[in-house]
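Working notes, structure below.
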Amino acid sequence: MKKLLIAIILAGLLSFSLATVSRALLQDIEQTTVKVRGATLNLKVGENDPSTVSYVFNNLVAGEIREFWLPIASVGGLDGNFWMELVTKNSAEGDNPESETDVAGEGELDKCAEVWIGFDNSADPENQTILEAQTIDWTSINTVSSLETFWGNQVDAWVGVGSAKMHLMMRTDNCGSEAMGDVFDLDVIFHLDQV
C-alpha cells in the first residue's frame, strides 16, 4: 500500500510538472518599442541655422534707402508665435567731419535714422502671387523696440510653413549735419515662442 501511495504521489507530481511544461511551451510574448523624443522649437533666419547673417550699410546719405530681404522659417516640430526686436547699440560719433558739432561721446544717427519693416510670403508656384503684410511704416529706430505679432496670424503661418521673407529698409532723411559720420549697430532679434 505504501508503494502504491508513493506511486500515486509521484504520478501526480509528474503530471503537474508536465502541465507546467506544456503551458510554458504554448506561451506567446509580444513586445513593442516606443521611441520618445522631446519637441523642438527652432527658428531658421537666413540660409544657415544658427543664423550667420550680417549686413553693413556704409555711407548712408539722405534720400537713399538701403534694404535687405531675409527668409525666416520655423524648422522645428512645434508651431510658434513669431515676433522680433530691434536693439540699437554702440552708438558713437565715428568720423567727425567739419560740420559735425559733437566730437566725442554718443552719436545721433541712431536717433534720426528711420526703419520700415514688412513681410511677404514666397511666390506661390501655382499662381505666382505674393501676399504682403506690412509691419512698421517709416518710424524712427529709437522709438521701435519690440515688434509683437500685431500683424496677426498671417506672418506666423508663413513662418510656420517656411515661406516668410522679412523686408527691412532704412533711410536717414530726417538726419542733419549732427549725424554726419556717426555709427551704430542695429540688432534684429527674432523670437519664436511656443503657442
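Peptide packing for 83-94, 33-44 was compared via the average number of neighbouring C-beta atoms within 10 Å per residue; ordered from the highest value, the list is 83-94, 33-44. One decimal place: the segment T101-Q27 gains 17.3 nm when fully extended, by the rule 0.36 nm per residue minus the C-alpha distance. The Cα trace of the range 43-194 gives Rg and Dmax of 17.3, 57 Å, the first to one decimal, the second as a whole number.
Exposure proxy shown here: for W116, W138, W69, W158, the number of other Cβ atoms within 10 Å sets the order, fewest to most, as W69, W138, W116, W158.
Values quoted throughout were computed directly from the atomic coordinates according to the rules given, and no laboratory measurement underlies them. What you see is a predicted model, and the numbers here were worked out from it, not measured in a lab. Please note: Cβ atoms are built from the backbone with ideal geometry, for glycine as well, and neighbour counts cover all protein chains shown.
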